[in-house]
1. As a footprinting exposure proxy, order Y215, Y208 by other Cβ within 10 Å, with the fewest listed first.
2. Give, rounded to the nearest 20 debye, the magnitude of the charge dipole that segment 113-277 has about its Cα centre when Lys and Arg contribute +1 at Cβ and Asp and Glu contribute -1 at Cβ.
3. With a point put 7 Å past each Cα toward its Cβ, work out how far V363 is from Q477 in nm, to one decimal.
4. Given the options V160, A129, A173, identify the residue whose Cα lies farthest towards the positive end of the charge dipole of segment 107-233 (+1 on Cβ of Lys, Arg; -1 on Cβ of Asp, Glu).
5. Taking R0 as 60 Å, what's the FRET efficiency between V427 and S308 from their Cβ-Cβ distance, rounded to 0.05?
6. Could you please rank E325, E200, placing first whichever residue has the fewest other Cβ atoms within 10 Å of its Cβ?
7. With charges set only on the Cβ (+1 for Lys and Arg, -1 for Asp and Glu), what does the dipole of the chain come to about its Cα centre, in debye to the nearest 20?
8. List every DSSP H helix in the chain whose Cα atoms extend 18 Å or more along the helix's own long axis and whose mean Kyte-Doolittle hydropathy is at least 0.5.
Amino acid sequence: MPLKKKLIGILIILLVVGGLWTASVVRRPKAPPPTTLEIWKKSGIPVETAQVVIGDIERTVEVTGDINALIKAPLSAKIPGRIAQVFFREGDRVWKGTVVAVLDQQDAMANLRQAQAVLDAARTRLSQAITNAKVTKIQTDAAIEQAKAALEAAEARLAVVKKPARTQEELVAMNNVASAKANLDNARANFERHEKLLKEGAIPQSAYDVAKAQYLVAQAQYKSAREQLSLIQEGGRKEDIRQAEAQVASAREQLRTAKANAAQNLVRQEDVKQAKAAVQQAEAALALAQQQLIYTFVRSPIDGEIASRLAEPGQVVGAGQPIAEVVNLASVYFKGEISEKELAGIRVGQPVQVRVDAFPGRVFRGKVDKIFPTASTQSRSFPVRIRIDRTNGLIKPGMFARGSIITRVDRNVVLVPKDAVEDRRGVKMVFVLKPDNTVRRQDIVIVNENREVVQVAPSSQLKAGDIVVTRGRQNLQDGSLVKVTNHRSARQANQGMLTR
């Protein structure tokens, strides 16, 4: 029992002593952990570096704007109507002359058939008028010739009956009868041949009418020759003279009537003119109907792609109302704006690097194609058109783009990575790494710059091979100790920073 109490007492004493020692340790103040700056002072501020190089840099003027298409065409119907079909949708390829849409053609076809029928009827009337004019002329000419022959015969008979017959005159009269008989036989044979050919349909009516008229004239001449011979042989009497004079008067009246009837030729010619005018009018109406049918086909006037489809089948459209729009993607261009301050350095033909937001990291090559002569009244900027080469259809109208117009190239100049430049209160500077891993602050003067590098003036006291801090420079001061964690070589600088 006394031993147990003794052990308990010793245990209590140990617990009390341990508690007092623990309390003293807890109350003792701890040393604070070192700060980042303290660590950096000992080991160096971590930085990344790159090398200053000699190279070429392009002087550029930056522009922004939109992508447009130089060749584009809104497609619309030239006549009002209901759309029957639209064959293409957005993005489909079409060629010049491709039918993109068709209007309903029922009315156009009906008008075309009617115009064709009117033309056929007009041509038939013209053909009939021409035939009538030919027949009338043949008939009137034949009547005049017959009347002339009858008058000549009557006058000859009158002359014969007024004087006694003579042997010489009788011989002449007999020869005339023989000659007239021969002519009559030839005319009869020719008439009979034409009559047969007309029945067979081998010759026109006009040729038959000419042969008939010649036959009738030959008959009259033969009859006149016989009467002349008879008068010469019989001798003249008073009664015969009166009859001959009456026949002469009658023949003259017939000739006058025949000549008066020749006025019908003018009437027939006027009929032909009117028929020709009717044919021309019908041909014009047919051409208009054909054109109206052609207008039901809406064709693309250019090669390109359907940019927008603005109408659907069944929709009624008016003349000139857009149905679709075609864009030639090979003609896309970048339209930017240049301030009047920078305009003096811009020339047509200067190369341009174009970047489109839709294709990050990709650069398209182009050239200044046109500088517009007037500025915007609001921005005082001059529009400039930039032709883009070899887009392969990737760039679409409406995309936003940025361009760098290369106005000149400075060669063999000192180039510093752009991410090495520090701006403190308007002063441009870089931190140059020294052999002892400390840095030297170096103020610089920037002559030119692009997206990757800056060109510094010779007064900046930088040379090729100098190592400058590109990351971690915000914590540096002149003389700061640094620790290089990554370094870009001169080869990497040339490959990754220079724009050539």
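Readers should treat all values here as calculations from the given coordinates under stated rules, not as data from a laboratory. A quick note: this is a predicted structure, and the numbers were derived from the prediction, not measured. Reconstructed Cβ throughout: ideal geometry from the backbone, glycine too, with neighbour counts over all protein chains shown.
1. Lowest to highest Cβ neighbour count: Y208, Y215.
2. Here the size comes out at about 440 debye.
3. Reported label-point gap for V363 and Q477 is 4.0 nm.
4. Ranked along the dipole, the leading option is V160.
5. Taking R0 as 60 Å, the efficiency between V427 and S308 is 0.65.
6. Taking fewest neighbouring Cβ atoms as first place, the list is E200, E325.
7. It works out to roughly 3240 debye.
8. Membrane-span-like by this criterion, though nothing is claimed about a membrane: 2-27.
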